[in-house]
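A short worksheet on the structure shown next.
The values are calculated or read from the model by the stated rules, or taken from the named source; none is laboratory data. Predicted model only: the values in this text are computed from it and were never measured. Note that each Cβ is placed from the backbone with ideal geometry, even for glycine, and that neighbours are counted across all protein chains shown. Heads up: the accessible areas ignore ligands, DNA and RNA and are worked out on the full protein's heavy atoms, side chains in. Shrake-Rupley method; radii C 1.70, N 1.55, O 1.52, S 1.80 Å.
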Amino acid sequence: MSSAEVLGPAELPSSRPPAEAPRRPRLSPLARYLLVRLALIVPMMWFLVTLVFVLMRVIGDPIQAAQGGRLSPEQIAERQAEAGLDRPLFTQYLEYLGGILRGDFGTTLTDNREVSDILVQNGAATLELSVYALVVAFAVGVPLGRLAARHRDRFPDVVLRLGAILVYAAPVFFVGLLLKLAFTPFGWPSSGRASTSTELALSRGEHETHIMLLDAILWGSPDMVLDVLQHAVLPAVALGLLTGGVFLRLVRVNLLQTLRADFVTAARARGVSERRVVRQHAFRTALVPVVTVMGMQIAMLLAGAILTETTFEWKGIGYELSEYLIARDFLAVQGIVTLIALIVGIASFLIDVIVALVDPRVRF
């Protein structure tokens, strides 16, 4: 009998190399998701800025469109050479991309302003209006959506759903004009960001941030703060209702779906009251899609801001864009539209980050 038969096969020393311990992934799923989203931004940005460049060139020569008929052919040729528009189209495209990478979005033709300065001075006004509108949208859409879900298919639900469709479908400039007609006879301010005296005082302040409310707070005058807030009410309501209608329907639908989930049924089976089930279990879960949609609503807010700012003479990016369109200054339009496209892309990425942090199910 051999030694192998005595010891048995299980006790023989194995010739196989020891199994390696499973390697841990170097990156967490969240980190991989964020890296993929960050990598996807690059082609999206390239496509957007290229599309803007092509569309601006399709309409013809910007110098001829802005100054044709007012300047001699020699002066127009000189302006084209200064703007680099006499070079081959591909060279212009490469210079355009290089300028964006350096943060140079061009110079306007009509008033010789840097587009980046427009972002600093007028972008703050648009940011301020967008924040006000988001506050109105959340204040209107979230609680009313919750109320509609609790009274499903009853009178409050029907009225709220119809109201949401109405404010969402109505053009924002039409809502703005209705608000002006309704409140201007009562002396409510309906144009500008503040009264003339407040704007002059704040423009001489030491800490001008171009955000009117913040400047008024830094100035330390409650009357100025009140004046700024009064001027912001009507534009914020006009723009906020547009998004508030979307939030209302979204919260209602998601809350109804969540209330049918198994964990909600289990909470009810444990004797948890219906109010507590809605407030502590279903409502938070139903808000996650709202955060996702909020990224898409930023683009809608910027599009609506153009009409809202024009209606209420709110001198933000949208107001300046409409002024340059009227003046046929297409180099300014190209720079501002490119800026808006980049802002929407970056905001979309930030919303994806927030959603990934809030909802652990979102992973690649």
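Data for the structure
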| quantity | calculated |
| --- | --- |
| Pairs with Cβ under 8 Å, 6+ apart, first in the stretch 299-326 and over 15 Å from L234 (Cα atoms), second modelled with pLDDT of 85 or more and part of a loop (DSSP other than H, G, I, E, B) | Y319/E313 |
| Conditions (1) at pLDDT below 80; (2) open to solvent by 40 Å² or more (accessible area, probe 1.4 Å); (3) part of a helix (DSSP H, G or I); number of the one not met by L51 | (1) |
| Breaking point among (1) within 17 Å of the chain's Cα centre (by Cα); (2) over 30 Å from G60 (Cα atoms); (3) of a type outside the set (G, A, S), for I336 | (2) |
| Which listed residue is touching a Leu at 6+ places or on another chain (Cβ under 8 Å), closer than 22 Å to L321 by Cα and acidic (D, E), from E208, E114, E128 | E128 |
| Cross-chain or 6+ apart pairs with Cβ under 8 Å, the stretch 182-203 first and touching a residue at least 40 places away in the same chain (Cβ under 8 Å), then of a type in the set (S, T, N, Q) | F183/S190; W188/Q230; P189/S195; P189/Q230; S190/T184 |
| Single unsatisfied condition, T258 versus (1) among the polar types (S, T, N, Q); (2) within 19 Å of A305 (Cα to Cα); (3) surrounded by 15 or more Cβ atoms within 10 Å (Cβ to Cβ) | (2) |
| The listed residue being open to solvent by 100 Å² or more (accessible area, probe 1.4 Å) and either touching a residue at least 24 places away in the same chain (Cβ under 8 Å) or within 25 Å of G318 (Cα to Cα) (or both), out of R161, R150 | R150 |
| Residue within the stretch 91-109 that is out of contact with any strand residue (DSSP E or B) (no Cβ under 9 Å at 6 or more places or on another chain), within 28 Å of F312 (Cβ to Cβ) and not charged (D, E, K, R) present | yes |
| Entirely in the stretch 267-364, the helices (runs of 4 or more DSSP H) that have 2 or more residues that are open to solvent by less than 40 Å² (accessible area, probe 1.4 Å) and at pLDDT below 80 | 283-312, 330-358 |
| Test result for L109, within 29 Å of T338 (Cβ to Cβ), open to solvent by 30 Å² or more (accessible area, probe 1.4 Å) and outside any helix (DSSP H, G or I) | yes |
| Yes/no for G103 being in a loop (DSSP other than H, G, I, E, B), without any contact (Cβ under 8 Å) to a residue 60 or more places away in the chain and of a type outside the set (F, W, Y) | yes |
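Here's the yes/no breakdown for (1) β-branched (V, I, T); (2) at pLDDT 85 or above; (3) in contact with a Lys or Arg (Cβ under 8 Å, 6 or more places away or on another chain):
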{"residue": "V140", "(1), (2), (3)": "yes, yes, no"}
{"residue": "L147", "(1), (2), (3)": "no, yes, no"}
{"residue": "V158", "(1), (2), (3)": "yes, yes, no"}
{"residue": "V172", "(1), (2), (3)": "yes, no, no"}
{"residue": "F186", "(1), (2), (3)": "no, yes, no"}
{"residue": "L202", "(1), (2), (3)": "no, no, no"}
